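Structure first, commentary second.
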Amino acid sequence: MSHKNSISKTAAVATKYFVVWIVVAAALALGAPSTFVPILEYVNPLLGLVMLGMGLTLQPEDIQRLVDRPIDVGIGAVTQWLVMPLAAYVLYLLLDLPDAIGVGLILVGAAPGGTASNVMTYLGRGDVALSVAITTVTTLAAPIVMPAWTLFILGESIDVTFAQMFTSIVQIVIIPVVLGFTLRFILDRYAPRVAEIGVDIFPVVSVAAIVAIVAGVVGANVENILTAGIFVLLAVVLHNGLGLSVGYGVGAATGMPEDRKRTNAFEVGLQNSGLAVALAASLFEPAAALIPALFSVWHNVSGPALANYFTWRDTQTAERGEQSTLE
């Protein structure tokens, strides 16, 4: 039992200070880029590990929720599919970003929800089951949605075909997720204690993999980071902010209760930027991976900040309720 507790505590520390590890890795990569650039050769298998971990968190009841709650799942998925790619395109034009940089922004916009959205939904007291359901739907649809949006927006300015992107996403995302789901199903039946340990260990593996990917991308883009500067950062911050705010607004407009509005905000605003990094690094030039890498850093700042705001607001509401009761 103590051994399992120590694994759980390690996993908790790794995920709690996720953004710290990313910032440290990015700083090290800026200082010694040549040390980290070789990591880019392993981006696809590293992200595959992350997706395997996501698959391990899924259980049959999560799939059942897709059937039981189609309306809210559909609202979240469609909002993400429309808002984030279109917002990326508008920012790409307004900020007059270089084409290589713009590719990365479009890839982030078209990416599915990331596992960070599930974590932030939990921390922000949202509906975790709904979050997992929306992430699952957008992830499974990614092989079609990502190439479709990227090619529709960028068209002839890129040399990548729909088939190439579709194949890459199936290899990086769908196969590992299905393998993880299948493995969890088998372990739950025949080795439940192993399943519990696996669920504890894989967050640490995911954190390490994403931190390594970000370090590799930063190392390969030192010059771009130093020269592109403010407009690239502005694109990342605005894109993420639009997703979070519009997601919450759509939840409110469609009559969702508070916990689901929060879920919608996180699902729309927090993308699987790791997948965007992997596609950018394997199919495009290194500069295309810059915005996805920066998005990985930023949404792990904005997400916890919004989650903290939601919990603070709940505390204030509860305190006001207690005061009015006493009066």
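The values are calculated or read from the model by the stated rules, or taken from the named source; none is laboratory data. Just so we're clear, the structure is a prediction, and the values are computed from it rather than from any experiment. Cβ coordinates were reconstructed from backbone atoms using ideal geometry, including for glycine residues, and neighbour counts include every protein chain displayed. All accessible areas refer to the heavy atoms of the entire protein, side chains included, with ligands and DNA or RNA removed. Shrake-Rupley method; radii C 1.70, N 1.55, O 1.52, S 1.80 Å.
Taking the Cα-to-Cβ direction at A305 and at L238 and moving 7 Å from each Cα, how far apart do the two end points lie in nm?
Each label point lies 7 Å from its Cα, and together they span 1.7 nm.
Spin-label point model (7 Å from Cα, Cβ direction): what's the I201 to F162 distance in nm?
That separation, rounded to one decimal, is 4.1 nm.
Candidates [x] 68, 43, 31; [y] 70, 49, 39; [z] 61, 47, 40; which is the computed Cα extents along the principal axes in Å?
Calculated Cα extents along the principal axes in Å: the matching label is [z].
Can you tell me which of T57, T35, T263 moves the most in a GNM of the chain? Springs connect C-alpha atoms under 10 Å apart.
Of the options given, T35 has the highest mean-square fluctuation.
Say a paramagnetic label sat at a point 7 Å from the Cα of R189, along Cα to Cβ; which residues of the range 38-77 have their backbone N under 18 Å from it?
Hits in the range 38-77 for R189 at 18 Å: 56-64.
Is the C-alpha gyration tensor of the range 107-233 telling us rounded, prolate or oblate? Criteria: a/c under 1.5 is rounded; beyond that, a/b larger than b/c is prolate, otherwise oblate.
It is prolate, given that a/c is not under 1.5 and a/b is the larger ratio.
Could you state the number of Å between the C-alpha centres of the range 71-123 and the range 153-172?
17 Å
Which order do the peptides 203-211, 69-77, 163-171, 312-320 come out in when sorted by mean C-beta neighbours inside 10 angstrom, highest first?
The densest-packed peptide leads the list: 203-211, 69-77, 163-171, 312-320.
Quick one: what are the phi-derived ³J(HN,Hα) couplings along the range 127-137, Karplus 6.51/-1.76/1.60 with θ = phi - 60°, whole Hz, x for glycine and proline?
8, 5, 4, 5, 4, 4, 5, 5, 4, 4, 4
Would you list L86, L187, L226 from the most to the least accessible area, probe 1.4 Å?
Most to least solvent-accessible, the answer reads L226, L86, L187.
For the range 31-157, take N as its residue count and report Rg(C-alpha) divided by 2.2 N^0.38 Å.
Taking N as the residue count of the range 31-157, the ratio is 1.21.
Stokes-Einstein diffusion coefficient for the range 179-241 at 37 °C in a medium of 0.692 mPa s, Rh from the Kirkwood formula over Cα pairs: what value in µm²/s?
Result for D is 220 µm²/s.
Take the Cα coordinates of the range 251-327, assign each an equal point scatterer, and use the Debye formula without solvent to give log10 I(q)/I(0) at q = 0.21 Å⁻¹.
Log10 of I(q)/I(0), two decimals: -0.94.
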